[in-house]
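The values are calculated or read from the model by the stated rules, or taken from the named source; none is laboratory data. Here the structure is a predicted model, which means the values were calculated and not measured. Here the Cβ positions follow ideal geometry from the backbone for every residue, glycine too, while neighbour counts run over all protein chains shown. Ligands, DNA and RNA are excluded from the accessible area calculation, which covers all protein heavy atoms including side chains. Shrake-Rupley method; radii C 1.70, N 1.55, O 1.52, S 1.80 Å.
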Amino acid sequence: MPLLNSVYRQREAGKPLVTLDDYRAAGGYQALPKVLAEMDPDDLQYEFMRSGLRGRGGAGFPMGKKASFLPKDSQRPKYVVCNADESEPGTFKDREIMEFNPFQLLEGITLAGYAIGAVRGYIYIRGEYEHQARVLDRAVAEARAAGLLGTGLFKSTFDFDITVYRGAGAYICGEETALLESLEGKRGQPRLKPPFPAVAGLYHSPTLINNVETLAALPPIVEKGADWYAGLGTEKSPGTKIFCVSGHVMRPGNYEIVLGETTLRELIFVHAGGLRPGRRVKAVWVGGSSVPPLGEQHLDTPLDYEALAAAGTMLGSGGCIVMDDSGSVVRTTLRLVTFYRHESCGKCSPCREGTSWMEKLLQRIVDGQAGPDDLEMLKALFGRISGRTLCPLAEGAVGPVRTALELFPDDWADALENGVPVPEPMLPVSS
Amino acid sequence: MTADQIREYLEPRRHEFADPRSLVLPALKFAQTGRGYLTREDMEAVAEATGYSASYVESVATFYDRVYTEPVGTRVVSVCVSMSCQLRGADQVWEALCDKEGVDHHHGGTSADGRITVQEAQCLGYCDRAACIQVDAEETQGPHTPDSARALVDELRAAPDPDEYWR
Ligand SMILES: Cc1cc2nc3c(=O)[nH]c(=O)nc-3n(C[C@H](O)[C@H](O)[C@H](O)COP(=O)(O)O)c2cc1C
Ligand code: FES
C-alpha cells in the first residue's frame with residue numbers, strides 16, 4: 001500500500017514547516033481555536049478516545065484512555081509531559097517531527113493540556129538533540145509572541161505554557177517515571193508503580209505523559225474528526241504510524257503508513273528501496289532494538305499492533321532495523337545487549353548484573369571462547385532477570401536474545417563452534 | 001563559571017518549575033558550556049546558585065553521560081556504535097578515529113594535544129544516516145566512512161574553539 005502522509009504535516013507539505021507562517025499555511029492552528037470555542041475538556045477527551053489513537057512511544061496504550069485516568073477532583077496543578085527522549089536504537093521519527101514541524105507538536109501538547117486541565121506542558125528532549133531543542137525553543141518563543149501560548153488563549157480562560165527541558169545522555173530517562181525523576185532534578189532512575197503518573201506524576205501532581213508522535217497526531221484528529229482517524233487502519237490499530245527504517249536497506253528513512261495496510265515486505269522493499277542486489281533478509285527488529293527479531297518467513301506480516309504480536313514481536317517505537325544475510329545475528333545480538341548493559345541505570349540488581357553477565361557470555365561466544373555450558377547459562381539468566389525489575393528495560397534486553405536463540409539455532413551452533421568473524425559492513429550508498 | 005553567572009541564567013526559568021530542584025540539571029549543563037566539562041569549582045558554583053549541597057549536585061552530575069566531571073578535549077566526537085550504525089560500518093569508523101587520535105579501542109579518550117576526545121555513543125537517533133558521528137551535542141552527521149571521519153577530525157582540529165560548549 002502507498003504511503004499516507006496525512007497526519008504529520010511536514011510530510012503532506014513535502015517541506016519543513018519551521019515558522020509559524022509555514023505551519024499556518026499548511027493548515028496549522030485551526031484545531032486549537034475551534035476546540036477552545038466549541039468544546040469542553042471532557043468532550044475533547046472523548047474525541048481522543050474515539051479516535052483510537054494509541055501511544056507511539058512503545059507500549060501502545062490508548063491515549064484517550066490514559067487522559068481519562070487523571071483525577072478530575074484533584075486540587076493540585078496538572079501537567080502534560082511530552083516524551084522526546086527518543087533513544088531506542090533504530091528510532092528517529094520524533095527527531096523529524098521536532099526539527100521540521102515543531103508547531104504541530106506544540107499545538108498537540110496544548111490540546112492535550114486543555115483536555116486534562118493542565119497548567120503547563122514540558123517537552124523532555126534528549127540532550128543529544130540540542131539542534132532540535134533549539135528549533136523548539138524558537139517555536140515556543142514564536143508561539144508565545146503570537147498569543148498561542150500564555151494566558152487566556154484565544155480569549156478563553158485557558159492559560160497554558162510549554163517548557164523545553166534538555167536531558168543529558170541517558171536512555172533510561174525515556175522510561176516515564178525515570179523521566180519524571182530527571183525532570184525533577186534527580187538522578188534518572190525509575191520509580192515503583194503504582195502510583196502511576198496519571199495520579200502522582202511530576203511533583204506528585206496528576207500528569208499525562210505521551211510520546212512526540214502521539215501528541216503531534218492530535219491537531220489533525222481534532223480537525224478532521226475522530227471518525228476519520230478511527231476509519232484509517234484496523235479496528236484495534238487505527239491511524240497512521242511512522243516507521244523508521246535503517247540498517248541494510250537502500251533508502252533508510254521515515255515512512256508514514258496506515259496501520260494494517262502495509263506489510264513488512266512492502267515497507268522494506270517498496271518504500272525503503274530494498275536490499276543490495278543478491279542479498280536476502282536475515283533478521284528484522286521491527287519496533288526498535290527492544291523487540292524480538294523476525295526472520296524472512298515473517299515478511300508478509302501486516303504492520304499493526306495485533307499482527308506483529310501474533311508474529312511474536314511488538315510494534316514498539318516503529319524503529320525497524322533490517323539486517324541482510326551479510327550480517328551476523330549473534331554479533332548484532334551482542335551489540336544490542338551491550339546497549340542495555342551500558343544504559344541500565346543500576347537501581348535493580350537483576351538488570352545491572354544480568355545485562356552484564358549476558359554481555360560477557362555473548363562476547364565469549366562471538367570470540368569463539370565459549371564452553372558447551374555457556375548457552376545454557378545464558379538461557380538460565382533470562383528467568384532471573386525477567387519480571388524482577390522496576391521497569392521494562394531489562395525485558396528489552398532479554399526478549400530479543402531469547403527469540404534470536406529460537407529463530408536462528410544454526411547461527412548459534414555455528415558460533416559456538418567457530419566464533420563469529422567481523423562481517424563486512426554495508427558502506428554508504430552514493431547519493 | 002561563577003555562581004552569579006549561573007543564577008543569571010536560571011532566574012528567567014525559575015517560574016517554570018514548581019520545585020527549584022528541577023533547575024539543577026539546566027544549571028549543570030549551562031555551567032559546562034564555559035569549559036566543556038565541570039571542575040570542582042563549577043560544581044560548587046552550581047550548588048551555591050541552586051541552593052543544594054555540592055554532594056547532591058555531584059550525584060546528579062555523575063548520572064548523565066553528557067555531563068563531564070573530568071577534563072575532555074576541545075571538541076568531543078561521539079561515534080555511534082549501536083545496531084544500525086554497526087551494520088553500516090561504525091566499528092571501522094570508531095577504530096579509524098581511535099587510531100588517528102592515538103587512543104585505545106576499548107575506551108576512546110583524548111588526543112595528546114588535548115584537541116579531540118573520541119568517545120563511543122549509543123544510538124544518536126540518526127540511524128538513517130549511519131554510520132553517524134556527533135560533534136559535541138550540536139551537530140550530527142553521516143553517513144561516514146573511516147576516510148570521511150578522519151577528514152572531519154582534521155577540520156575540527158583546525159577550526160577555532162567554540163564560544164560555548166553544549167555537549
Ligand atoms: C527503558 C525504556 C525507555 C523508553 N524510552 C522511551 C522514549 O525514548 N520515548 C518514548 O516516547 N517512550 C519511551 N518509553 C515508553 C515510556 O515509558 C512511556 O510508555 C511513553 O512515553 C508513553 O507515551 P505513549 O503512550 O504516547 O507512547 C520507554 C520505556 C522504557 C521502559
Ligand atoms: S544506531 Fe547509530 S544513530 Fe541509531
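Annotations
- Check on A:Arg76, open to solvent by 50 Å² or more (accessible area, probe 1.4 Å), touching a helix residue (DSSP H, G or I) at 6+ places or on another chain (Cβ under 8 Å) and more than 16 Å from ligand 1 (Cβ to nearest atom): yes
- For segment B:49-88, a tally of residues being outside any helix (DSSP H, G or I), among the small types (Gly, Ala, Ser) and surrounded by 23 or more Cβ atoms within 10 Å (Cβ to Cβ) returns 2.
- Helices (runs of 4 or more DSSP H) within segment A:69-160 that include 2 or more residues over 27 Å from A:Ala226 (Cβ atoms) and within 16 Å of ligand 2 (Cβ to nearest atom): A:93-100, A:130-145
- Of the criteria (1) surrounded by fewer than 23 Cβ atoms within 10 Å (Cβ to Cβ); (2) within 14 Å of chain B (Cβ to nearest Cβ), which one A:Phe158 fails: (2)
- When every residue of segment A:119-130 is checked against the conditions, at least one turns out to be away from ligand 1 (no atom under 16 Å from the Cβ), within 10 Å of another protein chain (Cβ to nearest Cβ) and surrounded by fewer than 18 Cβ atoms within 10 Å (Cβ to Cβ).
- Scan of segment A:400-425 for residues that are away from every other protein chain (no Cβ under 14 Å) and either within 16 Å of ligand 2 (Cβ to nearest atom) or open to solvent by less than 10 Å² (accessible area, probe 1.4 Å) (or both), ordered by number: A:Trp412, A:Ala415, A:Gly419
- Restricting segment A:180-222 to residues that are under 15 Å from B:Arg21 (Cβ atoms) and of a type in the set (Asp, Glu) leaves a set whose member that is nearest to ligand 1 (Cβ to nearest atom) is A:Glu181.
- Of the residues making up segment A:243-260, one or more are under 20 Å from A:Gly64 (Cβ atoms) and in a strand (DSSP E or B).
- Residue in segment B:9-32 that is within 14 Å of chain A (Cβ to nearest Cβ), buried (at least 16 other Cβ atoms within 10 Å of the Cβ) and more than 30 Å from A:Val119 (Cα to Cα) present: yes
- Condition check for A:Leu334: assigned to a helix (DSSP H, G or I), under 30 Å from A:Arg265 (Cα atoms), in contact (Cβ under 8 Å) with a residue 12 or more places away in the chain and in contact with a Leu (Cβ under 7 Å, 6 or more places away or on another chain): yes
- Consider segment B:139-161 and keep the residues that are within 24 Å of A:Thr332 (Cα to Cα) and assigned to a loop (DSSP other than H, G, I, E, B). The one that is nearest to ligand 1 (Cβ to nearest atom) is B:Gly142.
- Check on A:Tyr46, closer than 24 Å to A:Ile116 by Cβ and part of a helix (DSSP H, G or I): yes
- Residue, nearest to A:Glu176 (Cα to Cα), within segment A:378-403, restricted to residues that are without any contact (Cβ under 8 Å) to a residue 40 or more places away in the chain and of a type in the set (Lys, Arg): A:Arg384
- In segment A:161-173, the residue that is nearest to ligand 1 (Cβ to nearest atom) out of those that are open to solvent by less than 30 Å² (accessible area, probe 1.4 Å) and in a helix (DSSP H, G or I) is A:Ile172.
- The condition (being assigned to a loop (DSSP other than H, G, I, E, B), touching a helix residue (DSSP H, G or I) at 6+ places or on another chain (Cβ under 7 Å), away from chain B (no Cβ under 14 Å) and touching a residue at least 24 places away in the same chain (Cβ under 8 Å)) is satisfied by just one residue among A:Leu315, A:Leu375: A:Leu315.
- Considering residues of segment B:96-138 that are in contact (Cβ under 8 Å) with a residue 40 or more places away in the chain, part of a strand (DSSP E or B) and more than 16 Å from ligand 1 (Cβ to nearest atom) only, the residue most open to solvent (accessible area, probe 1.4 Å): B:Glu120
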